[in-house]
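Structure record follows, encoded as structure tokens.
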Amino acid sequence: MSETPADHAAAPAGEGRDTAARLIVEEAAARYCDARRAKIDEFVDRNFSLLGALKLHRRALGWDLARSPANLALSVPHLTARVSAGLARRAGLASAADRLDRQRFFLQTDVARELEWRLYTELLELPFKQGERVSERDALANEILRDPRIATSGGEGFRSPAEQDAFRAWLSGAAGTYEGTRVAAADLTTAAVSAGVGAFAFKKFTPGMMSLGPATAQVLVQNAAIAGFPLGSGAGALWYGAFPAAAPAALSIGLTGGLLAAGAVVAAFSGVVTDPVQRRLGLHHRRLRRLIDCLERELTGQGDSRFVVRDHYVARTLDVIEALGIVWRAAR
């Protein structure tokens, strides 16, 4: 088992010092994590209600309009790394799997940066530095120092788990995984918008802008050809129903590019819609509780502390369906 923060905590001198230190940290970690769980409802309501989401996404105005679509493309290597990590762990290559799990493939948006700050300072209440902003509050250390066995020694030699490199690396990776769920939500929102437009406007399944663009171009060319048919639109509908007009490649590419740009705006601001919906469904609550559970296991060394989410698998399934559709159309 890898070392945990309990292995490094100081305890009063005397017989059984290491055992006492571990016990102190485990008990304090349980109290600390219980207090974090009690704050989840307030944190979710403040940040993911409609009003909270609107305030949070004011930061999306700017470079997030470029970062968001880039993150949608980077979700493919992210998923590849997650799958590779799982295979490496099954093969007994725990060190390689941990390195893959810690990799961040996404560009951190201003919205994600703000949410990360709030996660550290409002919910976890752990020391955090982000640019010029610094928060030194350490609720975990305070909980440990409340223990009479530490208090009677004055906390001499005490080092907070939040100051230890291994724990900070774990927490950074867990926060990155949590932020990644927002990329998946943005991806699913873009796919839902594309599929909805395709279903209602064209009666086609278009789970992405790459399939919606050619479908839109085809409909525009088809309607223009029918309207300009020499024998009238009625005869044109019959003729082009049997022999559909082909959309020029330039038109398809241009429309797809325009729709991808529109999709960037949808992705950047999707949380305004998805956050309140996920709050109502309890998804934010369950995700944060799972994060706290993993945090407690990391602090105590009891059980698997990896924080894993599977939102990206759903989004990538839609990508595979869209890719198969593009290949099928090209083959035709």
Please work out the Kirkwood hydrodynamic radius for the stretch 233-276, using every pair of different C-alpha atoms, and report it in angstroms with one decimal place.
-> 13.5 Å
Among the lysines, select those whose C-alpha is under 21 Å from the C-alpha of residue 39, and discard any that sit fewer than 8 residues away in the same chain.
-> 55
Amide H partners (placed H, <5 Å) of residue 206, local residues excluded | 198, 199
Expressed as a rounded percentage, what relative contact order does the stretch 112-153 have, with Cα pairs under 8 Å and six or more residues apart?
-> 24 percent
Hz values of 3J(HN,Hα) by residue in the stretch 30-46 - Karplus curve (6.51, -1.76, 1.60), Gly and Pro given as x = 5, 5, 4, 5, 4, 5, 5, 4, 5, 8, 4, 4, 5, 4, 5, 5, 6
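Could you list the square roots of 5 times each eigenvalue of the Cα gyration tensor of the stretch 197-307, that is, the equivalent ellipsoid semi-axes, sorted largest first and rounded to whole Å? Can you show the working numbers first?
Numbers: eigenvalues 502, 38, 30 Å².
Listed largest to smallest, the semi-axes of the stretch 197-307 are 50, 14, 12 Å.
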When only Cα pairs under 8 Å and 6 or more residues apart are kept, what is the percent relative contact order across the stretch 181-278?
-> 34 percent
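None of the figures in this text is laboratory data; all of them are computed from the coordinates on show. The structure displayed is predicted, hence computed values, not measured ones.
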